[in-house]
Amino acid sequence: MSDLHGKFVWYELMTTDTTAAAEFYTSVIDWTTEDMSGGGMDYTVFNVVGAGRGVAGMMPIPDELKASGMPPNWTGYVAVDDVDAMAQAFVDNGGSVRRPPSDIPGVGRFSVVADPQGAVLIVFKPVPMDNPPPEPTMTPGFAGWNELNAADGPSAFEFYSKVFGWTSFDKMDMGPMGTYQIFAQNGQMHGGMMTKTDDVPVPCWGYYFIVGDIDAAVDKVKAGGGSVINGPMEVPDAWIIQCLDPQGAMFALTGPRMASA
């Protein structure tokens, strides 16, 4: 098993208005945009300011998914050693394959999968790079946390431990909300999962991007036409907010609260 196996390596926004979404996210997060369209596909990469690398991509919701009622959403890519074997492992352990393994020429191989409770991810094997980008840091613009709201947290952790090899890093008692399971990938803290509350309609993954000042980020989200649906809330070593962008996609931000620093 490679060191990359089971690691979130990319994030992707499907939305109804890529121009408006690009304007919004670059006003809120330390990102610039780069047009990487080609082969009849409209694709934008969000690059971290000053880092010389991308962290996420954006594309219009395909017509067939739009017709099915799919709303704007963020999805995470998890690197795996063998996409076909991992898609089968999801099925064998009670999950499903939403899009069979396919190649992206010059980029890698991927498959859209869902865990047994319905939360969707993309499993991905990137094409080997001669000079891979440096590891992400807690610098603003990078992804800082990956969080699963599951129908049942303990069984979700059991599933992901089996398919990705994730291990328990720590557990936090949240009282009536149950246990927050922090998981590790290759020994490094990588995210958390919990049993969702009733106000979360379906099991889903959420992604936190790092900002330099959480209160300034609140103002930027609102000024850009988005909304803050939870927070600012203090968590160990940081503050978080959970948000909706102007098109309705859910995302989250994490960072310090400079006013109280």
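Placing +1 on the Cβ of every Lys and Arg and -1 on the Cβ of every Asp and Glu, with nothing else charged, gives the chain a dipole about its Cα centre of roughly 120 debye.
Return the FRET efficiency for the residue pair Asp17, Ser102: r is the Cβ-Cβ distance, R0 is 35 Å, and the value is rounded to the nearest 0.05. Plugging the Cβ-Cβ distance into 1/(1 + (r/R0)^6) gives 0.85.
Using 0.36 nm per residue, how much length does the chain from Asp42 to Asp219 gain when fully extended, once their Cα-Cα distance is taken away?
Values: separation 177, 0.36 × 177 = 63.72 nm, distance 3.00 nm.
Extra length available between Asp42 and Asp219 comes to 60.7 nm.
For segment 1-135, carbon and sulfur atoms together expose 53% of the accessible surface, with a 1.4 angstrom probe and every protein chain in place.
Once you have a ≥ b ≥ c as the square roots of the Cα gyration tensor eigenvalues for segment 128-261, tell me rounded if a/c is under 1.5, and otherwise prolate or oblate according to whether a/b is larger than b/c. Oblate shape, in that a/c is at least 1.5 and b/c is the bigger or equal ratio. If a/c stays under 1.5 just call it rounded; otherwise compare a/b with b/c (prolate if a/b is bigger, oblate if not). Do that for segment 49-182, with a ≥ b ≥ c from the square roots of the Cα gyration tensor eigenvalues. Since a/c stays below 1.5, the shape of segment 49-182 is classed as rounded.
The alpha carbons of segment 168-229 occupy a box of 39, 30, 20 Å along the principal axes, longest dimension given first. If you take Cα extents along the principal axes in Å from the coordinates, which of [x] 52, 50, 39; [y] 49, 48, 40; [z] 53, 50, 30 do you get? Working out Cα extents along the principal axes in Å from the coordinates points to [y]. Taking a Cβ cut-off of under 14 Å around Glu234, the surrounding Lys, Arg, Asp and Glu residues balance to a net charge of -1, with basic ones at +1 and acidic ones at -1.
Using helices alone, I'd like the mean residue ellipticity at 222 nm for the chain: each DSSP H run of four-plus residues gives -39500 (n - 2.57), total over residue count, nearest 500. It would help to have the intermediate numbers written out before the result.
Values: 5 runs with 48 residues, N = 261.
Helices in the chain give a 222 nm mean residue ellipticity of -5500 deg cm²/dmol.
Based on the inverse mean of 1/r over its pairs of different Cα atoms, what is the Kirkwood hydrodynamic radius of segment 66-124, in Å? After inverting the pairwise mean of 1/r, the radius is 11.9 Å.
Working note: Cα atoms of segment 197-261, range along each principal axis, descending, whole Å: 36, 27, 16. Per residue, the solvent-accessible area of segment 97-180 (1.4 Å probe, heavy atoms of protein chains only, all protein chains present) comes to 55 Å².
Go through Lys7/Lys222; Lys162/Lys196; Lys7/Lys220; Lys125/Lys222 and tell me which ones have a Cα-Cα distance over 27 Å in this structure. Spell out each step's value before the answer.
Details: Lys7/Lys222 32 Å; Lys162/Lys196 21 Å; Lys7/Lys220 30 Å; Lys125/Lys222 37 Å.
Going by Cα-Cα distance, Lys7/Lys222; Lys7/Lys220; Lys125/Lys222 fall outside the 27 Å limit.
To the nearest 0.05, what FRET efficiency results for Asp199 and Ser161 with a Förster distance of 25 Å applied to their C-beta separation? Can you show the working numbers first?
On the way: r = 27 Å, r/R0 = 1.09.
Computed FRET efficiency for Asp199 and Ser161: 0.40.
Under the classification rounded if a/c is under 1.5, otherwise prolate if a/b is larger than b/c and oblate if not, where does segment 1-106 fall, given a ≥ b ≥ c as square roots of the Cα gyration tensor eigenvalues? Oblate. Roughly speaking, to the nearest percent, how much of segment 147-261's 1.4 Å accessible area is carbon and sulfur? Whole-percent figure for carbon plus sulfur exposure: 54.
The values are calculated or read from the model by the stated rules, or taken from the named source; none is laboratory data. Since the model is a prediction, treat every value here as computed from it, not as a measurement. Note that we place each Cβ from the backbone using ideal geometry, even for glycine, and neighbour counts take in every protein chain shown. Note: areas computed on protein heavy atoms with side chains; ligands, DNA, RNA excluded. Shrake-Rupley method; radii C 1.70, N 1.55, O 1.52, S 1.80 Å.
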